[in-house]
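Each remark here refers to the structure printed beneath this line.
The values are calculated or read from the model by the stated rules, or taken from the named source; none is laboratory data. Because the structure is a prediction, the values reported are computed rather than measured. As a convention, Cβ positions derive from the backbone with ideal geometry for all residues, glycine included, and neighbour counts pool all protein chains shown. For accessibility, only protein heavy atoms count, side chains too; no ligands or nucleic acids. Shrake-Rupley method; radii C 1.70, N 1.55, O 1.52, S 1.80 Å.
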Amino acid sequence: MNAPKFRPSVCIDAVFGTLDSAAAIKQVAAAGIQAIEFWGWWDKDLDAIEAARDEHEMQISACCTKFISLVDPATREDYLAGLAESIEAARRLSCPTLISQVGDFRPGANRKAQHDCLVIGLKQAAKLLAGSGVTLVIEPLNELVDHQGYYLVKSDEAFEVIDQVESEDVKVVFDIYHQQISEGQVITNLRNNIDKIGHFHAAGNPGRNELTIGELNYPQIFDAIADTKYEGFVGLEYWPTGDAVNGLREVAGWFGQ
């Protein structure tokens, strides 16, 4: 594949989950990759992360906002309060992207009402994000293997939500692994909606392991992304079956790193 404009980022919670953050960042640097991401910021030593980031000349590409439902109006204010805290954390870390799950489907509640609740909450979130330099990306997840009961499963609804929110500060994290399970057609769907995608995640399927394992042809998928104007990050979020650093080195070569 041709060297793309976008860059790899390693989810240290997934790939190096047994290590503390500073040790994980050192391993990512050893693999020749210059960006990391992680899930919660609130349960980590941010001073240690910043020190390791600076020591290894890394960038933090993304982290998560608080895991509070956006499809339940009763929790909206808690979500927004958590987002405000997360924006401050992201700005401290010079992290451009906050990843947001949207919560589980509420049994007995009308699906359209939950969709509308999600849109309303994100419109309010957009006001907090305005001028912050931080983009919020909502994440569709598969419910067949990993996240039974989750509300937002397919990318088409996620993109519809973004159209309705009408903010450049709110986009989608397109997780190639999840969307392969949920709907397939990953190349067509990402090409047709690239303007609404603010971040990618990648893992092999089945198994959620290395990108070199399974049915997904990642060099071809990355070539398709390279043909667009996307210049953000692809987060490598998987559980390694072999030596983690060697596996990352192999994939880093696909990015010209």
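Selection over the stretch 134-163 of residues that are out of contact with any helix residue (DSSP H, G or I) (no Cβ under 7 Å at 6 or more places or on another chain) and assigned to a loop (DSSP other than H, G, I, E, B) gives a count of 6.
Restricting to the stretch 54-92, and then to whatever is open to solvent by 80 Å² or more (accessible area, probe 1.4 Å) and more than 22 Å from ALA29 (Cβ to Cβ), can you tell me which residue is farthest from the chain's Cα centre (by Cα)? Write out each step before concluding.
As a first pass, look at the stretch 54-92 and keep what is open to solvent by 80 Å² or more (accessible area, probe 1.4 Å): 54-55, 57, 67, 74, 77-78, 85, 88, 91-92.
Next, only the ones that are more than 22 Å from ALA29 (Cβ to Cβ) stay: 67, 74, 77-78, 85, 88, 91.
Numbers: PHE67: 14, ALA74: 26, GLU77: 23, ASP78: 21, GLU85: 18, GLU88: 18, ARG91: 17 Å.
Only one residue fits best here, namely ALA74.
Just one of (1) more than 22 Å from GLY232 (Cα to Cα); (2) touching a Cys at 6+ places or on another chain (Cβ under 9 Å) fails for PHE38. It is (1). Scanning the stretch 159-198 for residues that are within 15 Å of the chain's Cα centre (by Cα) and either on the phi > 0 side of the Ramachandran plot or among the small types (Gly, Ala, Ser) (or both) returns a single hit, GLY198. Would a scan of the stretch 169-189 turn up a residue that is closer than 22 Å to VAL245 by Cβ and open to solvent by 10 Å² or more (accessible area, probe 1.4 Å)? No, that holds for no residue.
Taken residue by residue, the stretch 30-53 has no member that is open to solvent by 10 Å² or more (accessible area, probe 1.4 Å), polar (S, T, N, Q) and free of Cβ contacts under 8 Å to residues at least 60 places away in the same chain.
Just one of the listed residues (ALA252, ALA244, ALA203) is modelled with pLDDT under 95, of a type outside the set (Val, Ile, Thr), open to solvent by less than 50 Å² (accessible area, probe 1.4 Å) and under 23 Å from VAL28 (Cα atoms), and it is ALA252. The single condition among (1) within 22 Å of the chain's Cα centre (by Cα); (2) surrounded by fewer than 17 Cβ atoms within 10 Å (Cβ to Cβ); (3) of a type in the set (A, V, I, L, M, F, W, C) that ALA109 does not satisfy is (1). Selection of helices (runs of 4 or more DSSP H) fully inside the stretch 1-112 by the criterion of at least 3 residues being under 17 Å from LEU136 (Cα atoms) and out of contact with any helix residue (DSSP H, G or I) (no Cβ under 6 Å at 6 or more places or on another chain) returns 76-92. Of the residues making up the stretch 156-173, at least one is touching a Phe, Trp or Tyr at 6+ places or on another chain (Cβ under 8 Å) and within 20 Å of PHE6 (Cα to Cα).
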